[in-house]
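Asker: Following this message is one structure expressed as structure tokens.
Read-outs: derived from the displayed coordinates by stated rules, not from any lab. None of the values given here were measured: they were computed from a predicted structure. Neighbour counts are summed over all protein chains in view; Cβ atoms, including those assigned to glycine, are modelled from backbone coordinates with ideal geometry.
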Amino acid sequence: MIIEYMGHSCFRVKDFQDTGYKVVFDPYKIGSVPGYRELGEEGRANVVLCSHEHDDHFGMDNVSVEPFDGECPFEIEKIDSFHDDEHGALRGTNIVHVVTLKSTGEKVVHYGDFGMDVDEFLTEENLAKVSGADYAFVPVGGVYTIDAEHAVELIEKTQPKVAIAMHYRNDTCKCGYDNLTSERDFLMKGMEMCHETQYMKFSFIDTNEEEIDYEIISLMPECCTIHDQLAGGR
């Protein structure tokens, strides 16, 4: 399985070895998030999963959905949650997606714009669904979602093998909303809580070849407008 971080809350997960099937999570509408370009080739998908319909998570103009001849190799489960800590009164509802590659059992959890109380969300049923993921994509920037402290709380209570930051301000790439905190603030909070953290200078993970030795990481966003200058391309 290959995990690609496009930027903001957008990821693409591919069944690389077997079917080539591609799942895109939360594509942003073109021009909705400062510093991010069009997805282009990275926006090609067989299915698109959106946590809610705000522009920075529901950019169907930024993806190309391709037909697939065969059965979807992923099991996809949706969990209802809230975008805020007032039961949706401020920003509405949010869907947490749990996606499992059937051939390997690898599980990823995309939390979307999760903003509700962590303990309230983690009922016995929900905890069973999200716990022990191989990779969890967690919003960390605050304001519209949980902040760094609550993101670490969520990680500690659900115990993914690797947690990947999303929905933050990236000062290195000069992208994201100015009023969000940065991914480095989140990594520092993780360190304060005695977790192994790392800022990765690449945008994708091949789970068949790479073993991440850190509990909490951030990835270089592939679709930030200055990615090529920073990373030298892929």
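Asker: Got a sec to turn the phi values of the stretch 44-61 into Karplus ³J(HN,Hα) couplings, 6.51 cos²θ - 1.76 cosθ + 1.60 with θ = phi - 60°, whole Hz, x for Gly and Pro?
Answerer: Coupling constants for the stretch 44-61: 6, 8, 9, 8, 10, 10, 10, 6, 6, 9, 6, 4, 7, 9, 9, x, 5, 6 Hz.
Asker: Roughly how many nanometres apart are two label points built 7 Å out from the Cα toward the Cβ at MET193 and ASP85?
Answerer: Those two pseudo-labels are separated by 1.4 nm.
Asker: Of ASN208, ASN94, ASN126, which is the most mobile in a GNM of the chain whose springs link Cα atoms less than 10 angstrom apart?
Answerer: ASN208
Asker: Using modelled backbone amide H atoms (1.01 Å from N, in-plane), which distant-in-sequence or interchain residues come within less than 5 Å of VAL47's amide H?
Answerer: Answer set, sorted by chain and number: LYS22, VAL24.
Asker: Right, next: Quote the charge dipole size of the stretch 125-234 about the Cα centre in Debye, to the nearest 20; the model charges only the Cβ of Lys and Arg (+1) and of Asp and Glu (-1). Present the calculation step by step, with values, prior to reporting the outcome.
Answerer: Numbers: 9 positive and 20 negative charges, 58 e Å.
So the magnitude is around 280 debye.
Asker: Taking θ as phi - 60°, what are the ³J(HN,Hα) couplings along the stretch 6-22 by the Karplus curve (6.51, -1.76, 1.60), each to the nearest whole Hz, with x for Gly and Pro?
Answerer: 7, x, 6, 10, 8, 10, 10, 10, 10, 7, 6, 6, 9, 9, x, 5, 10
Asker: Name the aspartates and glutamates eligible as straight-distance cross-link partners of LYS78: C-alpha to C-alpha under 19 Å, and not fewer than 8 places from it in the same chain.
Answerer: Output for LYS78: ASP26, GLU53, GLU106, ASP113, ASP117, ASP119, GLU120, GLU124, GLU125, ASP134.
Asker: Using only the alpha-carbon atoms of the chain, report the extent along each of the three principal axes, biggest first, to the nearest angstrom.
Answerer: Largest to smallest, the principal-axis extents are 41, 40, 37 Å.
Asker: Restricting to bridges with both residues inside the stretch 2-231, how much of the DSSP beta-bridge set is antiparallel, in percent to the nearest 5? Write out the running numbers ahead of the final one.
Answerer: Details: 27 of 46 bridges.
Antiparallel bridges: around 60 percent, rounded to the nearest 5.
Asker: Among the listed pairs LYS129/LYS189; LYS29/LYS157; LYS161/LYS189; LYS22/LYS157, which are separated by more than 22 Å between their Cα atoms? Numbers along the way, then the final one.
Answerer: Working: LYS129/LYS189 26 Å; LYS29/LYS157 32 Å; LYS161/LYS189 18 Å; LYS22/LYS157 29 Å.
Checking Cα-Cα distances, LYS129/LYS189; LYS29/LYS157; LYS22/LYS157 exceed 22 Å.
Asker: About the Cα centre of the chain, what is the dipole size in debye to 20, counting +1 per Lys and Arg Cβ and -1 per Asp and Glu Cβ, all else neutral? Intermediate results must be reported in sequence, preceding the final value.
Answerer: Details: 19 positive and 46 negative charges, 115 e Å.
The dipole of the chain has a size of about 560 debye.
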